[in-house]
Amino acid sequence: MSTRTPKEESLEQLPPPAIGLGWREFLPDRWTVHYICLLAYTFAIVTGGRLPIGSVAVSIGLLSLAFSKPSFRTSRASMWMLATLVWAGVSYLSSDYRPAVSTALTEYLKLLLVSLLTIGAVRTPRQSRFLLAFALGWFILYPVRGALSNYLIGYTSFGRAVAGGIYSNSNDLAALTLIQLSVVLAVAATWKS
């Protein structure tokens with residue numbers, strides 16, 4: 001015969017309390033060269049090019065991805081991007097505005113290469129979560145800190161807070177902040193405790 005009360009027995013059937021994830025559970029489960037290069041590219045882009053390592057990081061990341069053990073992955077979206085780039089390249093031949101079109105094609109090619117690096121480098125949910133938090137952390141450290149300190153000392157643009165570099169336009173700063181807020185909401189909605 002049990003000496004426990006019914007309340008004690010019902011408490012044993014409950015799952016253990018959720019304590020949240022420790023910091024080790026937050027780190028990516030796999031560190032690869034292409035993943036580290038993606039983090040370096042993210043740092044370079046978010047901080048406004050303070051360190052000119054974006055192109056080098058993407059180049060090394062794509063080379064590493066090409067020689068990595070798991071096969072090279074792509075997505076349907078990147079295939080559509082490639083098809084659009086080829087179509088735009090064909091129409092470039094008959095364009096009257098070749099300098100402007102070639103600049104746009106170069107930027108679109110860069111976007112395609114970064115998307116291929118991202119698709120290939122981020123393979124697990126923990127890697128994805130860390131990449132998003134990494135970008136958010138640098139966003140908070142660089143433009144948000146700069147905008148707040150500039151606002152407090154009175155350096156504004158028509159009364160609006162601005163930061164330096166690519167964040168010197170208050171509308172761009174607001175748009176990029178909304179993107180980061182959507183990242184925070186996505187991570188919060190998918191976080192499993």
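The values are calculated or read from the model by the stated rules, or taken from the named source; none is laboratory data. From a predicted model like this one, the values you see are computed outputs, not experimental measurements. Because the Cβ atoms are built from the backbone with ideal geometry, glycine has one as well, and the counts that use them run over all protein chains shown. In case anyone asks, the SASA skips ligands and DNA or RNA and just uses the protein heavy atoms, side chains included. Shrake-Rupley method; radii C 1.70, N 1.55, O 1.52, S 1.80 Å.
Please list, in order along the range 171-184, the HN-Hα scalar couplings obtained from phi with the Karplus expression 6.51 cos²θ - 1.76 cosθ + 1.60 (θ = phi - 60°), rounded to whole Hz, x for Gly and Pro.
Values per residue, Gly and Pro as x: 5, 5, 4, 5, 5, 5, 5, 5, 5, 5, 5, 5, 5, 4 Hz.
Hey, can you find the accessible area per residue of the range 44-151 for me, probe 1.4 Å, expressed in square angstrom?
Counting only protein heavy atoms, the per-residue value for the range 44-151 is 62 Å².
Distance between the C-alpha centers of the range 43-63 and the range 146-189? Whole Å please.
Their Cα centres are 22 Å away from one another.
Put a dot 7 Å past each Cα toward the Cβ at T124 and A88; how far apart are the dots in nm?
If labels sit at A88 and T124, their model points lie 3.5 nm apart.
If we sort 166-172, 178-184, 90-96, 40-46 on the protection proxy, mean other Cβ atoms within 10 Å, highest first, what's the order?
40-46, 166-172, 178-184, 90-96
Modelled label-to-label distance, L181 and A104, 7 Å Cα→beta-carbon offset: nm?
3.1 nm
Please compute the modelled spin-label separation between I36 and S95, points set 7 Å along Cα→Cβ, answer in nm with one decimal.
My value for the distance between the label points is 3.8 nm.
May I ask you to rank F67, F134 by accessible area, largest first, using a 1.4 Å probe over the protein chains only?
Ranking F67, F134 by accessible area, largest first, yields F67, F134.
Can you give me the long-range amide H partners of S157? Hydrogens built in the peptide plane at 1.01 Å from N, cutoff under 5 Å, separation of 5 or more residues or another chain.
Correct list: V162.
How large is ³J(HN,Hα) for each residue in the range 77-82, as worked out from phi by the Karplus curve 6.51 cos²θ - 1.76 cosθ + 1.60 (θ = phi - 60°), to whole Hz, x for Gly and Pro?
Couplings: 5, 5, 5, 5, 5, 5 Hz.
Can you give me the % of accessible surface on the range 38-193 that is carbon or sulfur? Probe 1.4 Å, all protein chains present, nothing else counted.
Result for the range 38-193: 70 percent of the exposed heavy-atom area is carbon or sulfur.
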